[in-house]
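Engineer: Supplied in structure tokens, the structure appears directly below.
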Amino acid sequence: MEYDTLFLIKPNVTSRRKIGEILQIVEKNGFSIEMLRMFQMDMAIAEKFYAEHKEKSFYHKLIDFMTSGKTVAAVLHRTNAVPVLRELIGNTDFRQARVGTIRFLYADSITRNAVHASDSIESAQREIGIIFPDYIK
Ligand code: CMP
């Protein structure tokens, strides 16, 4: 089944001029970029986006980091987009990320883990709605 997922390139990578390399990796793996946006998250967007983590110990660190610099957001389209992109980015904890994954290559810490990808089709729809409210499939 072909569908969309949401991908973020986080501030620890956008500030290092690695945006092109990472977009090249996703395109080489068969994803089409349907929407693309570079912006700095404000508190309201970051809190809405990460609402499910509100009670977690790492929440404030995460919000501080995500609002600290520019993020690149993309709607990516492919067959089995959610599991394929999750496999390509690697484990949330970069120390456990498979060799060659985006997080293995670009993460600095568990928080500064380079990229985000939606974990389900439902999450993808919710996250796309937050970042690209005027996107029509
Ligand atoms: P992301 O895939 O964007 O989803 C939640 C984010 O919280 C995660 O990537 C990390 O950036 C951050 N985070 C920080 N600490 C942890 C942790 N211990 N477990 C999971 N996520 C964490």
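The values are calculated or read from the model by the stated rules, or taken from the named source; none is laboratory data. Predicted model, so just to flag it, every value in this text is computed and none were measured. For neighbour counting, all protein chains shown are included, and Cβ atoms are generated from backbone atoms with ideal geometry for every residue, glycine included. To get the accessible areas, we keep the full protein, side chains included, count just its heavy atoms, and leave off ligands, DNA and RNA. Shrake-Rupley method; radii C 1.70, N 1.55, O 1.52, S 1.80 Å.
Engineer: Roughly how many Å² of ASP4 are accessible to a 1.4 Å probe, to the nearest 10?
Structural biologist: Result for ASP4: roughly 20 Å² accessible.
Engineer: With +1 assigned to the C-beta of every Lys and Arg and -1 to the C-beta of every Asp and Glu, and no other charges, what is the dipole magnitude of segment 80-132 about the Cα centre in debye, to the nearest 20? Intermediate values should be presented prior to the final figure.
Structural biologist: On the way: 6 positive and 6 negative charges, 32 e Å.
Roughly 160 debye for segment 80-132.
Engineer: Can you give the accessible area of MET38, probe radius 1.4 Å, in Å² rounded to 10?
Structural biologist: 110 Å²
Engineer: For the chain, what does -39500 (n - 2.57) per DSSP helix run (n ≥ 4), summed and divided by total residues, give at 222 nm, in deg cm²/dmol to the nearest 500?
Structural biologist: Value at 222 nm, helices only, nearest 500: -10500 deg cm²/dmol.
Engineer: Dipole magnitude of segment 1-136 about its Cα centre, charges +1 at Lys/Arg Cβ and -1 at Asp/Glu Cβ only, in debye to the nearest 20?
Structural biologist: 560 debye
Engineer: Something else about it: With the crude spin-label approximation of a point 7 Å out along Cα→Cβ, what separation in nm comes out for ASP64 versus MET38?
Structural biologist: Once both label points are built, they end up 2.6 nm from each other.
Engineer: When all C-alpha to C-alpha distances in the chain are sorted into bins of 10 Å, what percent of pairs does each bin hold, rounded to whole numbers?
Structural biologist: Binned Cα distances yield the sequence 12, 46, 37, 4.
Engineer: How far apart, in nm, are the 7 Å Cα→Cβ label points at ILE45 and ILE130?
Structural biologist: About 1.1 nm separates the two model spin labels.
Engineer: Take the solvent-accessible surface of the protein heavy atoms, probe 1.4 Å, and return the percent of it on the chain that carbon and sulfur atoms account for.
Structural biologist: Details: 3740 of 7370 Å².
On the chain, the fraction of accessible area on carbon and sulfur atoms equals 51 percent.
Engineer: With all protein chains present, calculate the accessible area of TYR106 using a 1.4 Å probe and round the result to the nearest 10 Å².
Structural biologist: Probe radius 1.4 Å; accessible area of TYR106 about 20 Å².
Engineer: Next question. Report the one residue of TYR59, ALA74, ALA46 whose Cα lies farthest in the direction of the positive end of the charge dipole of segment 37-90 (charges on C-beta: Lys and Arg +1, Asp and Glu -1; origin at the Cα centre).
Structural biologist: Looking along the dipole axis, the top candidate is ALA74.
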